[in-house]
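Here's the structure we're looking at; comments come further down.
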Amino acid sequence: MEITVTDVPDKERFEARDEQGDLAGVLTYQLSGPIIAYTHTKVEPAFESHGVGSALARAAMEDARSKQRTVVPICPFLSGWLDKHPEYESSVARSTKRIK
């Protein structure tokens, strides 16, 4: 299955579509200047376990990296995905909480 991910800025989301153009999933965001908060990832049931969520995450992170945006990963799926992909660590906002 081939999935294509595109940014749809007027809907504040990335959309994943299959070869027929059917919507497979979305990753929503809120943009504020150079900061982008990824808020939710949803994969349609028919497309689960086909790598759609990972395709959305990778496309969103590559887009943020190319535009030098700081990512705030609010979405639990994206947070978990980022734990497995340290190559994007430099794009993710760091906590300002101090450890004593």
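Some values worked out for this structure:
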{"quantity": "Subset of region 17-46 (residues that are of a type in the set (Val, Ile, Thr) and either farther than 13 Å from Pro76 by Cα or over 15 Å from the mean Cα position of the chain (by Cα) (or both))", "calculated": "Val26, Ile35, Ile36, Val43"}
{"quantity": "Residues located in region 25-62, provided they are part of a helix (DSSP H, G or I), closer than 22 Å to Arg94 by Cβ and not aliphatic (A, V, I, L, M)", "calculated": "Arg58, Glu62"}
{"quantity": "Residues that are at pLDDT 95 or above and touching a His at 6+ places or on another chain (Cβ under 6 Å), drawn from region 1-50", "calculated": "Thr28"}
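To keep it simple, each residue is scored yes or no on (1) touching a residue at least 40 places away in the same chain (Cβ under 8 Å); (2) among the aromatic types (Phe, Trp, Tyr); (3) surrounded by 12 or more Cβ atoms within 10 Å (Cβ to Cβ); (4) touching a helix residue (DSSP H, G or I) at 6+ places or on another chain (Cβ under 6 Å).
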{"site": "Thr4", "(1), (2), (3), (4)": "no, no, yes, no"}
{"site": "Val26", "(1), (2), (3), (4)": "no, no, yes, no"}
{"site": "His40", "(1), (2), (3), (4)": "no, no, yes, no"}
{"site": "Val52", "(1), (2), (3), (4)": "yes, no, yes, no"}
{"site": "Ala60", "(1), (2), (3), (4)": "yes, no, yes, no"}
{"site": "Ala64", "(1), (2), (3), (4)": "no, no, yes, yes"}
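The values are calculated or read from the model by the stated rules, or taken from the named source; none is laboratory data. Since the model is a prediction, treat every value here as computed from it, not as a measurement. For neighbour counting, all protein chains shown are included, and Cβ atoms are generated from backbone atoms with ideal geometry for every residue, glycine included.
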